[in-house]
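All remarks here apply to the structure that follows.
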Amino acid sequence: MQKFTQSRLLIFFFLSGLLFHLNAQQSMLDVGVRLQKTVNLYVENGFSVQYSHPHFLSDKLYVGASFVTSRLGTAYHSNAIPQDNYIVSASWLFRKNHLLRPFARLNSGYFSADYGDPIFDDLSQKSLLLSPEFGVTIQPHIPLKMSFSFGYNLIAGDGLSGPGTLFPLYLQTTISWNVFKN
Amino acid sequence: MERIQKLTATISLLVSLFLFSGCDKTPPITNTMLDGEVLFDPSLYQPEFYLASYAHPTPSVAEKSKPILIASHGYSASTFEWNEFRDWSVGKGDYYLSQVLLGGHGRTYLDFKNATWHDWQTSITDEYERLVAKGYTNISFVGSSTGGTLLLELVSSGYFNGKVAPRHIFLVDPIVISSDKSLSLIGLVGPMLGYVEADNTTEEDKYWYHYRPQETLQQLMNVISKVRVDLEKGVTLPVGTSMKIYKSKHDATADAVSAVLIYRGVKTATAYKVDIDMVESNLHVFTRLLLRSNVSDADKQNQKAAFNDILNRVIE
């Protein structure tokens, strides 16, 4: 138990130090909520973190991670299928220092649905995610950012393979705050 | 000035696209297709051979409690889809079968194009209401593919409230989620496509539409979306009604996840789950084997098992 506590303390101090170091160099770390609607299917909501390095394509190249789930959307208190999307991404934002910034993003990740009964165990419930995404970010001169985009899942279910509730086209909005901006 | 020229060019392009997409696109229909003006569904000429309400219009007191099964086919299909069940069941049970032709189906391409999913569904309720008006009380339903979806919608919309409750509802490969996910984009791309061509054989073209107008695909999307949302909210069967789902596990038309959504979304009046059989098959509407190539022994066994199960439940 003592070892476990020490490890957690070490991780805490490491992350705190890392955040302080990044902050000191005016990195961008946008933390926010992601609201997503698949065309003709579910609303899936969750969280998003996007990071841009201060010395490498600063405020142009962002790497990030997102998690969206129907549990926080259509499947909340309904019979819809609970399904989770774990996403990592790389984004390129054009027009630095402008209010409206078009962007292109490539997402990859992991999709997992829970059909809820062993009788459906033979059906595909998991998949790789791969999607290009295009949109625009509104970036006023405050830490707030809002992005609107559409993405296209290149891997979708087809009845013979892949989860049936993995649909191609989705729209998403992310509202985030740059936690490093003073 | 350059910006204005670019804007004008963009608007011109959009207007052209709009006008082009608004053009009528008529497919090259031949007289050997159901789509044409020569071949029609035979139930239109001889309804007494297909509908119990026409075949037995004046039932005796005993006949009024005789089991009746109303069978409805899928999108773009015809009464042919349930011919095998009719032929197989001869002499196997004392019941009446009504093979309903969905509204807008089995006629011309234009009739199909102009029909809504409500029109498709009306044929089912018309036959049910004719039978009820004649005094029949033991009525069950079976629907394949979209036929099953339309039955689900009847339940979820409360159509049976205050009416003679169905005894059984059987769903064979019902569609709530399409396997072809491009159907979810039909509202965006449909007007540009005009119609979609089906991969039918020449013989199948006599019983299924070869060309599917984008308007009908939008109607299909509308009804499966409505039923999906209804299932998310929860659907309760009428008192005394049972339901069984038969779903092919590998189905290139109705995604097997459709069965998951129905199983999660429908409860009996006593709050029990409905019956389900996930069938090891790669056919859509696995109960129809006529005109298919490469029918395996397993396919025949699946068909026979489903037929037996449906008939036994209907006449029990």
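One table, with the values for the structure above:
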quantity	calculated
Computed helical MRE - 222 nm, chain B, DSSP H runs ≥ 4 contributing -39500 (n - 2.57), nearest 500	-12000 deg cm²/dmol
Folded to 0 to 90 degrees: helix A:2-24 orientation relative to chain A principal axis, Cα	60 degrees
Under the span-like rule (Cα at least 18 Å along the axis, Kyte-Doolittle mean at least -0.5), DSSP H helices of chain B	B:2-22, B:214-233
Two-decimal ratio, the range B:95-198, of alpha-carbon radius of gyration to 2.2 N^0.38 Å	1.22
20 °C / 1.002 mPa s Stokes-Einstein diffusion coefficient of the protein assembly as shown, Kirkwood radius on C-alpha pairs, µm²/s	84 µm²/s
Radius of gyration and Dmax over the Cα atoms of chain B, both given in Å	21.0, 86
Percent of alpha-carbon pairs separated by more than 24 Å within chain A	45 percent
Average other protein chain Cβ within 10 Å of Cβ, residues B:116-126	0
Within-12-Å neighbourhood charge of A:Ile119 [Cβ basis; K, R +1; D, E -1]	-1
Calculated from backbone phi, Karplus (6.51, -1.76, 1.60) coupling profile of the range B:274-281 in Hz, x at Gly/Pro	7, 7, 8, 9, 7, 8, 6, 8
At most 11 other Cβ within 10 Å, DSSP loop - chymotrypsin sites (Phe, Trp or Tyr not before Pro), the range B:45-126	B:Tyr45
The range A:93-134: trypsin sites (Lys or Arg not before Pro) in DSSP coil with no more than 11 other Cβ atoms inside 10 Å	A:Lys96
Using θ = phi - 60° and Karplus 6.51 cos²θ - 1.76 cosθ + 1.60, couplings along the range A:125-138 (whole Hz; Gly, Pro as x)	10, 10, 7, 6, 10, 8, 8, x, 9, 9, x, 9, 10, 9
Cross-link reach list, lysines versus A:Lys37, counting only Cα pairs under 23 Å and skipping chain neighbours closer than eight places	A:Lys126, A:Lys145, B:Lys181, B:Lys226, B:Lys233
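Values in this text are rule-based calculations from the coordinates and carry no lab data. It should be emphasised that the depicted structure is a prediction, and the values quoted were computed from it without experimental measurement. Positions of Cβ are backbone-derived with ideal geometry, glycine not excepted, and every protein chain shown enters the neighbour counts.
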